[in-house]
Structures are given as C-alpha cells and as structure tokens.
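Below is one structure, written out as structure tokens, with a few remarks after it.
The values are calculated or read from the model by the stated rules, or taken from the named source; none is laboratory data. Because the structure is predicted, anything quoted here is derived from the model rather than measured. Virtual Cβ from ideal backbone geometry, glycine too; neighbours counted across all protein chains shown.
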Amino acid sequence: MYMEQLSHWSGELGREMPVNRYGHSGMPIVVFPSSGGSHVEYSDFGMIDACHDFIESGQFQFFTLASIDSESWLDDGKSPHDRAKAHEAYDRYLISEAVPLIKHQTGWFDPMMTTGCSMGAYHAVNFFLRHPDVFQTTIALSGVYDVRFFFGEYGNDPLVYENSPSDYIWNQHDGWFIDRYRSANIIVCTGLGDWEQDGLPSYFTLKKACAEKQIPAWFDEWGDDVAHDWVWWRRQMPYYLGKVAESF
C-alpha cells in the first residue's frame with residue numbers, strides 16, 4: 001500500500017500540521033480523529049488495514065489529519081465562545097490549507113469525502129454540512145452532533161450555534177445548501193450498545209431533521225450489542241465504503 005507522511009505549515013493555526021496519506025488514487029477521504037486524537041490514530045487502531053482492499057484497488061485514498069480539539073471544544077478553561085473561535089480557526093485550516101494540499105497531492109478537484117469515529121464523526125458531519133461544495137460524501141460513525149455535550153447550554157452565541165449540527169440543520173433553508181445535501185451521499189451510523197448513549201439524542205434529532213427536510217440521508221442503527229469502540233468501527237467503515245463504491 002502506498003503511504004506518505006506529509007507536513008505543512010498552517011498560517012491559520014500557527015504551527016506545522018502533519019497529515020498521513022494512504023493510497024495512490026481514487027476519491028480522497030479526509031479523516032478526523034476521535035477526541036483529541038492525532039493523525040496516526042486511524043492507522044494505529046486498524047482502520048486503514050480494515051479498508052485495505054478499497055485503498056489497494058485505487059477507489060479511495062485516506063488523508064488522516066491531526067486535531068486541535070484540546071484547544072477548542074475540549075478545553076475546559078475556555079468559554080463556549082472561545083472554544084468556538086478556536087474551532088473556527090481549524091475550519092479555516094481545513095478549507096484554505098488542508099484541502100488545497102490534498103488537491104495538490106492527488107490532482108483531485110471534485111468534491112471529497114469526510115469521515116471519523118466518535119468526535120471525528122462530529123467533525124465529519126459538521127464540515128460536510130458547512131461546506132457541501134467541498135465534500136459530497138460523509139460516513140460518520142458513533143458521533144455526538146450537539147455541542148452542548150461539551151459544556152452544556154451556550155445561550156444565544158451564534159458562533160457556537162453555527163457548529164452544532166443538530167441545532168442549525170433545522171434552520172437551514174438556503175436552497176443552495178439543501179440542494180447539495182439532497183444530492184450528497186450522507187451515512188450516519190450508531191450502535192445501540194455500551195457507551196453509545198451520549199450520542200443517541202443528537203443522532204435521532206439529526207435524523208428527524210433530515211427526514212423533515214427531505215434530505216435522503218442514511219441513518220443506520222446497529223444492535224444493542226454494538227458498542228462505541230474501534231472493533232465495531234473497523235467493521236462498519238469497509239461496509240459503508242462498499243455501499244459508496246456501488247454508487248460510482
């Protein structure tokens with residue numbers, strides 16, 4: 001398997017940002033790590049190996065990013081507003097720096113895919129919904145989609161609200177966004193077993209919103225035995241990649 005260790009300076013974040021590439025061709029998949037995770041987490045927990053056949057066949061290539069979650073949503077020393085400001089810097093890094101790097105490395109200029117597990121699933125959905133011109137597919141596994149999970153109620157702060165998918169999706173009436181959501185490939189999965197309970201309320205809220213807005217997203221609940229754990233995500237990701245590949 002082709003693998004490349006990349007690094008680039010982020011002016012938005014003021015630091016060097018590592019990125020790992022796995023694969024030589026196909027649709028780029030931007031991978032966000034779980035809570036505070038690094039760019040090597042996805043590979044270290046066997047997700048790249050689980051998707052080996054799709055990578056080797058040239059259907060998909062993975063770009064695993066580092067996070068700044070410990071400085072944004074997970075920083076208990078900051079107000080919700082300041083956490084959202086830090087996250088907005090990461091958003092700018094993604095769109096103005098990481099995505100152009102991926103385009104340069106691959107020559108791929110069509111929309112890409114986002115994915116992630118746990119907190120990475122939050123990022124995958126949020127960035128897809130905010131930038132449906134950049135991303136046309138998302139596979140989100142076991143996420144929490146309401147930022148209240150990180151700090152409770154946030155009042156009327158618009159910067160926080162605009163990064164809480166299960167909130168802002170209800171008030172998204174812009175036809176430009178809705179049309180792109182309806183033509184996208186949206187897959188949101190959760191188990192119903194151990195440690196999945198935190199994400200279920202926002203999962204079902206997001207599911208209801210998409211149904212009411214006639215967005216044909218696939219919300220898929222696995223069984224009571226399916227836990228919030230890598231062992232299940234290693235089964236889920238190749239399963240959903242196969243479904244996406246069938247749509248090509």
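All but one of (1) crowded, with 21+ Cβ neighbours inside 10 Å; (2) among the β-branched types (V, I, T); (3) in a helix (DSSP H, G or I) hold for T138; which doesn't?
It fails just one condition, (3).
Quick check on M1: is it of a type in the set (A, V, I, L, M, F, W, C), modelled with pLDDT under 95 and either surrounded by fewer than 16 Cβ atoms within 10 Å (Cβ to Cβ) or not in a loop (DSSP other than H, G, I, E, B) (or both)? Don't jump to the end; show me each part of the working.
Values: of a type in the set (A, V, I, L, M, F, W, C): yes; modelled with pLDDT under 95: yes; either surrounded by fewer than 16 Cβ atoms within 10 Å (Cβ to Cβ) or not in a loop (DSSP other than H, G, I, E, B) (or both): yes.
Spelling it out, M1 is indeed of a type in the set (A, V, I, L, M, F, W, C), modelled with pLDDT under 95 and either surrounded by fewer than 16 Cβ atoms within 10 Å (Cβ to Cβ) or not in a loop (DSSP other than H, G, I, E, B) (or both).
Conditions: (1) under 22 Å from E4 (Cβ atoms); (2) under 17 Å from the mean Cα position of the chain (by Cα); (3) of a type in the set (A, V, I, L, M, F, W, C). F109 meets all but one. Number of the miss?
(2)
Have a look at S38, S72, S34 and point out the one that is under 18 Å from the mean Cα position of the chain (by Cα) and under 17 Å from S7 (Cα atoms).
The conditions single out S38.
Quick check, is H123 in a helix (DSSP H, G or I) and out of contact with any Ser or Thr (no Cβ under 9 Å at 6 or more places or on another chain)? Quick ask: steps written out before the conclusion?
Numbers: in a helix (DSSP H, G or I): yes; out of contact with any Ser or Thr (no Cβ under 9 Å at 6 or more places or on another chain): no.
When the stated conditions are applied, H123 does not pass them.
Taking E153 as meeting all but one of (1) within 30 Å of R235 (Cβ to Cβ); (2) out of contact with any strand residue (DSSP E or B) (no Cβ under 7 Å at 6 or more places or on another chain); (3) surrounded by fewer than 23 Cβ atoms within 10 Å (Cβ to Cβ); (4) not β-branched (V, I, T), write down the number of the exception.
Every condition holds for E153 apart from (1).
Is there a residue in segment 11-28 that is under 16 Å from the mean Cα position of the chain (by Cα), aliphatic (A, V, I, L, M) and outside any helix (DSSP H, G or I)?
The answer is yes, given that some residue of segment 11-28 is under 16 Å from the mean Cα position of the chain (by Cα), aliphatic (A, V, I, L, M) and outside any helix (DSSP H, G or I).
It is to be established whether one or more residues within segment 98-107 are in contact with a helix residue (DSSP H, G or I) (Cβ under 6 Å, 6 or more places away or on another chain) and at negative phi.
The answer is no, given that none of the residues of segment 98-107 is in contact with a helix residue (DSSP H, G or I) (Cβ under 6 Å, 6 or more places away or on another chain) and at negative phi.
Among the listed residues D225, D194, D179, identify the single one that is loosely packed, with under 15 Cβ neighbours inside 10 Å and part of a helix (DSSP H, G or I).
After applying the criteria, what remains is D179.
Name the residue that is surrounded by the fewest Cβ atoms within 10 Å (Cβ to Cβ), counting only residues in segment 103-134 that are of a type in the set (A, V, I, L, M, F, W, C) and more than 17 Å from C189 (Cβ to Cβ). Spell out the reasoning first.
To start, the set of residues in segment 103-134 that are of a type in the set (A, V, I, L, M, F, W, C) comprises 108-109, 112-113, 117, 119, 121, 124-125, 127-129, 134.
If we keep only those that are more than 17 Å from C189 (Cβ to Cβ) as well, we get 108-109, 112, 127, 134.
Values: W108: 15, F109: 7, M112: 23, F127: 24, V134: 15.
Selected residue: F109.
Looking only at residues that are of a type in the set (G, A, S) and farther than 17 Å from S164 by Cα in segment 57-102, which one is surrounded by the most Cβ atoms within 10 Å (Cβ to Cβ)?
Of everything passing the filter in segment 57-102, A66 is surrounded by the most Cβ atoms within 10 Å (Cβ to Cβ).
Which residue is surrounded by the most Cβ atoms within 10 Å (Cβ to Cβ), if the candidates are limited to segment 156-168 and must be outside any helix (DSSP H, G or I) and at pLDDT 95 or above?
N163
Please verify whether segment 62-69 includes one or more residues that are in contact (Cβ under 8 Å) with a residue 60 or more places away in the chain and of a type in the set (G, A, S).
no
Before we move on, is F219 aromatic (F, W, Y), part of a strand (DSSP E or B) and at pLDDT 95 or above? First the steps, then the outcome.
Values: aromatic (F, W, Y): yes; part of a strand (DSSP E or B): yes; at pLDDT 95 or above: yes.
When the stated conditions are applied, F219 passes them.
Any residue in segment 128-146 that's in contact (Cβ under 8 Å) with a residue 12 or more places away in the chain: show its pairings with residues that are in a loop (DSSP other than H, G, I, E, B) and of a type in the set (A, V, I, L, M, F, W, C) at Cβ separation under 8 Å, as long as the two are six or more apart or on different chains.
Listed pairs, sorted by first residue: F128/A184; P132/A184; F135/A184; Q136/A184; T137/A184; T138/A184.
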